[in-house]
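All remarks here apply to the structure that follows.
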Amino acid sequence: MVLIKSISGIRGTIGGKVGESLSPIDIVKFTYAFAEFIYSGSKNKRSIVVGRDARISGEMVSDLVTGTLISCGLDVIDIGLTTTPTVEVAVELSDSLGGIVITASHNPKNWNALKLLNHRGEFLSSNDGDSVLKIAEKGNFEFANIDSIGSYLFDDSYNDKHINKILDLDLVNVDLIRRSNLKVVVDAVNSTGGILVPDLLDRLGVQCIQMYCDPNGEFPHNPEPLPENLFEISDRVIEEKAHCGFAVDPDVDRLSIICEDGSFFGEEYTLVAVSDYVLSKTPGNTVSNLSSTRALRDVTSSYKCSYNASSVGEVNVVDLMKKTNSVIGGEGNGGVIYPEFHYGRDALVGISLFLSKLCECNKSVTSLKKSYPNYFMSKNKINIPYDYPLNDIFIALKVKYSEAKFIEIDGLKIEFHDGWVHLRKSNTEPVVRIYTESVSQKQAAKLAKDIQLYINEIIK
């Protein structure tokens, strides 16, 4: 039983005690708190957009969320089975007060979450999120009387509106993609990517071979789109002689690409390739988080533009993108943020821009990957006793690697000449993440192992 409150929203497991899981009581409590926060000071707007991925618990959670919002006097626009970026776009298009996305992203099927959006369709800032948590903990709830309750509207047209908006982007070369006669395999892990990704590809004239595109919430494998979970689509790409494969997470804000030979393009390089394409048309600054590959920095420098790194978390990336007026950014987990479209990670935008790049350069996906700086990453997790002071570990590591460069805006990042390690508490799981990168897979893995062994020695 887990309940996590962070900049990524209110996330927890279904089933268990109140306050220790995402129980119905907790869902109502945090929805009420969001409603009170988002409605305070608003005179004209009353609507909140609600959408969900295909998780088994999704309908139950959605009923609780929409009922609570209505009882708070807010009007609900329920857009049904959809993606996180679609809800973000819908908030803007409907001129709503905010939105709630019911999804636990890449977490297993026993998890769900409330992702909270402001009036711009962007995640709440850390300060705003803290305000919501304070209202929830205060527990002084007062609901609207019968004459003041909100209304309910079901409108599932926003999936189509989202795709239309993508196809209208100047850098999405629809005509070139249609002329290229591409074949693509899609693994949508039986969630809402199975609705929107095939529709997008069909409208781009791409032949789509569907894998796990039935939005029933029965994830056929670990839903995080990492190489270790994608061997089935890798084999299918080879079998179908497809140009590439696309794998998305349950709420479709992350994109992993599989090359035509079944090898993995790497979720880190999704953003690199899309950024290369965007920079070639509109040079400018870029941003990714501290746990993302150095390759984006190198590609950005090749265009004589500036790269900056933010703390992990979409809201932090977006904040730095705005401050640096970046033309493209995102996270190395396959999350592409294209501000010309919207300030949010969007796998559908990622697919459209990637295919535009692929068709323009007229290369295979493996050849495209070889054109980028070659770095290798190792992504690990470590369980540390809940009450153990993480800062003590950081101090010991800084002594051990005293000649390295340290960045401490988000956990601890240690930078070496030929690689780096980043340690931080996860926003989405009760673990400490240890990401390393170097010039070979062997060196990245060794660095990760050395760090893990040293931490285990410290906490003994």
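Before rounding to the nearest 500, sum -39500 (n - 2.57) across all DSSP H runs of length at least 4 in the chain and divide by the residue total; then give [θ] at 222 nm in deg cm²/dmol.
After summing the helix terms and dividing by residue count, I get -11500 deg cm²/dmol.
Along its three principal axes, how long is the chain when you only count alpha carbons? Whole Å, largest extent first please.
64, 60, 40
Take the alpha carbon atoms of segment 95-164, find their center, do the same for segment 171-242, and report the distance between the two centers in whole angstrom.
With segment 95-164 and segment 171-242 each reduced to a Cα centre, they are spaced 28 Å.
Among V50, L153, H106, which residue has its Cα furthest toward the positive end of the charge dipole of segment 3-156, with +1 on Lys/Arg Cβ and -1 on Asp/Glu Cβ?
So the residue we want is H106.
Extent of segment 339-434 along each principal axis, from alpha carbon coordinates, in Å, largest to smallest?
For segment 339-434, the Cα extents along the three principal axes come out at 51, 29, 24 Å.
Going down the table (K323/K363; K183/K425; K322/K446; K369/K446), which pairs top 28 Å between alpha carbons?
Long pairs (Cα-Cα over 28 Å): K323/K363; K183/K425; K322/K446.
Which percent, nearest 5, of DSSP beta bridges in the chain are antiparallel?
60
When the Cα centres of segment 378-444 and segment 32-64 are compared, how far apart do they sit, in Å?
Cα centroid of segment 378-444 versus Cα centroid of segment 32-64: 36 Å apart.
Can you give me the long-range amide H partners of R254? Hydrogens built in the peptide plane at 1.01 Å from N, cutoff under 5 Å, separation of 5 or more residues or another chain.
D249, A347
The numbers here are math on the coordinates, done by the rules we state, and not lab data. These numbers were taken from a predicted model, which means no experiment stands behind them. Positions of Cβ are backbone-derived with ideal geometry, glycine not excepted, and every protein chain shown enters the neighbour counts.
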